[in-house]
Amino acid sequence: MKLVFAGTPEVAVPALDALIASDRHEVAAVVTRPDAPAGRGRHLVASPVAQRAEEAGIEVLKPVKPGDEAFLARLREIAPDCCPVVAYGALLPKVALDVPARGWVNLHFSLLPAWRGAAPVQHAILAGDEMTGAATFQIEEGLDSGPVYGVITEHVRPTDTAGDLLTRLAFAGSGLLAATMDGIEDSTLKAVPQPSEGVSVAPKITVEDAHVDWHAPALRIDRVVRGCTPAPGAWTVFRGERLKLISVQLLPDRTDLAPGVLSVGKNNVYVGTGSHAVELLWVQPQGKKPMRAADWARGVRIAPGERVGAPDVR
């Protein structure tokens, strides 16, 4: 088939690579989000998918909106058979969905109908799911509600961050998407409607969602830290400044600390929660690089009884 691939972030690159490597399909063009400011200088930078496509000599389309007439005209000129999608980042209007003969097929990082939306991997970790996966489905106008072609499963490991899990799913899912294109091309795959039961939604994680409430149980805090790493990053407040929490460890046997109260050992930093303590392993103070929590604690000289977070956060 002639394909037009739509995707934007690094997590979409393995799927693009798998389709480029396929000897059954031609990636005629790539659709991605417009260049965005990045880095300290805030210079415009092309998306990871755009950069990979340019390296491969593939035409790159960067519509401000996928309903723009100039983009639609070019898409019709290319006349793709199918448009595979991975984390493109914009809603596709019906006028765009109608262009390819075999539609747009999305690789989504959940076991649909669970976790429809922008942040399925983060929400799977926040919810404590032990199993997740990826699915390919036919895009329709509803939110991730189209019929499913195929799925793969993946265990959520106890120490997985959202970044860890998403990386594994991106590589495993790239094979699923390529196999889905093969099955659509030779008519051996038929999309199956999603069940009406078990639907859950996964909206984008906000900075406020990543604000740690130390009155919550330790298990919940661990999930927030892992689910919000690397972005937007779990955080708390220390001496009026934001402190990013990169990793923590559960300490079920230590229950002597009140929520948010710090305790510093020779090489350890503990914090009380609504259940038992957690150990801070890696943190990032405002305006500084990530560091071991013990090194941070030595630098700031934490006083006995000092705390992180606001006392009234509940």
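A few notes on this one:
- Each residue in the range 152-202 was checked for being of a type in the set (A, V, I, L, M) and under 30 Å from Gly233 (Cβ atoms), and 13 pass.
- Restricting the range 206-238 to residues that are of a type in the set (Phe, Trp, Tyr) and more than 19 Å from the chain's Cα centre (by Cα), the residue that is nearest to Val156 (Cα to Cα): Trp214
- Output for the range 242-254, where each listed residue is modelled with pLDDT of 95 or more and open to solvent by 70 Å² or more (accessible area, probe 1.4 Å): Arg242, Gln249
- Subset of the range 259-286 [touching a residue at least 40 places away in the same chain (Cβ under 8 Å), surrounded by fewer than 21 Cβ atoms within 10 Å (Cβ to Cβ) and assigned to a loop (DSSP other than H, G, I, E, B)]: Gly274, Ser275, His276, Gln286
- Looking only at residues in the range 287-311 that are out of contact with any strand residue (DSSP E or B) (no Cβ under 6 Å at 6 or more places or on another chain) and at positive phi, the one that is least open to solvent (accessible area, probe 1.4 Å) is Gly305.
- Residue-level check: of (1) on the phi > 0 side of the Ramachandran plot; (2) of a type outside the set (A, V, I, L, M); (3) assigned to a helix (DSSP H, G or I), Thr167 misses just (1).
- Selection from the range 52-69 of residues that are within 24 Å of the chain's Cα centre (by Cα), hydrophobic (A, V, I, L, M, F, W, C) and outside any helix (DSSP H, G or I): Val60, Leu61, Val64
- Across the range 1-27, the number of residues qualifying as closer than 19 Å to Ala87 by Cα, touching a Pro at 6+ places or on another chain (Cβ under 8 Å) and either open to solvent by 50 Å² or more (accessible area, probe 1.4 Å) or not polar (S, T, N, Q) (or both) comes to 10.
- Any pair with Cβ under 9 angstrom, 6 or more apart, that starts in the range 212-238 at a residue that is open to solvent by less than 10 Å² (accessible area, probe 1.4 Å) and ends at one that is among the aromatic types (Phe, Trp, Tyr): Val212/Trp235; Ile221/Trp214; Cys228/Trp235; Thr236/Trp214
- Some residue of the range 70-81 being under 26 Å from the mean Cα position of the chain (by Cα) and within 25 Å of Asp182 (Cα to Cα): no
- Exactly one residue out of Ala90, Ala101, Ala114 is open to solvent by less than 50 Å² (accessible area, probe 1.4 Å), more than 21 Å from Arg33 (Cβ to Cβ), of a type in the set (Gly, Ala, Ser) and assigned to a loop (DSSP other than H, G, I, E, B), and it is Ala114.
- Pick from the range 28-45, criterion free of Cβ contacts under 8 Å to residues at least 12 places away in the same chain and in contact with a strand residue (DSSP E or B) (Cβ under 8 Å, 6 or more places away or on another chain), ranking: surrounded by the fewest Cβ atoms within 10 Å (Cβ to Cβ): Gly39
- Pair list, Cβ < 6 Å and 6+ apart or interchain, from the range 147-159 residues that are without any contact (Cβ under 8 Å) to a residue 60 or more places away in the chain to residues that are hydroxyl-bearing (Ser, Thr, Tyr) and crowded, with 19+ Cβ neighbours inside 10 Å: Tyr149/Thr136; Tyr149/Thr180; Gly150/Thr136; Gly150/Thr180; Glu154/Thr132; Val156/Thr132
- Failed item, numbered, when Asp186 is tested on (1) acidic (Asp, Glu); (2) surrounded by 16 or more Cβ atoms within 10 Å (Cβ to Cβ); (3) farther than 24 Å from Leu91 by Cα: (2)
- Scanning the range 240-257 for residues that are assigned to a loop (DSSP other than H, G, I, E, B) and either of a type in the set (Lys, Arg) or more than 18 Å from His211 (Cα to Cα) (or both) yields Pro252, Asp253, Arg254, Thr255, Asp256, Leu257.
- Filtered residues of the range 1-50 (kept if outside any loop (DSSP other than H, G, I, E, B) and among the small types (Gly, Ala, Ser)): Ala6, Gly7, Ala12, Ala15, Ala18, Ala21, Ala28, Ala29, Ala36, Ala38, Ala50
- Check on Pro84, farther than 29 Å from Asp186 by Cα and either assigned to a loop (DSSP other than H, G, I, E, B) or in contact (Cβ under 8 Å) with a residue 40 or more places away in the chain (or both): no
The values are calculated or read from the model by the stated rules, or taken from the named source; none is laboratory data. Computed from a predicted model, the values in this text were never measured in an experiment. For neighbour counting, all protein chains shown are included, and Cβ atoms are generated from backbone atoms with ideal geometry for every residue, glycine included. Each accessible area value is taken on the protein alone, full model and side chains, heavy atoms only, with ligands, DNA and RNA left out. Shrake-Rupley method; radii C 1.70, N 1.55, O 1.52, S 1.80 Å.
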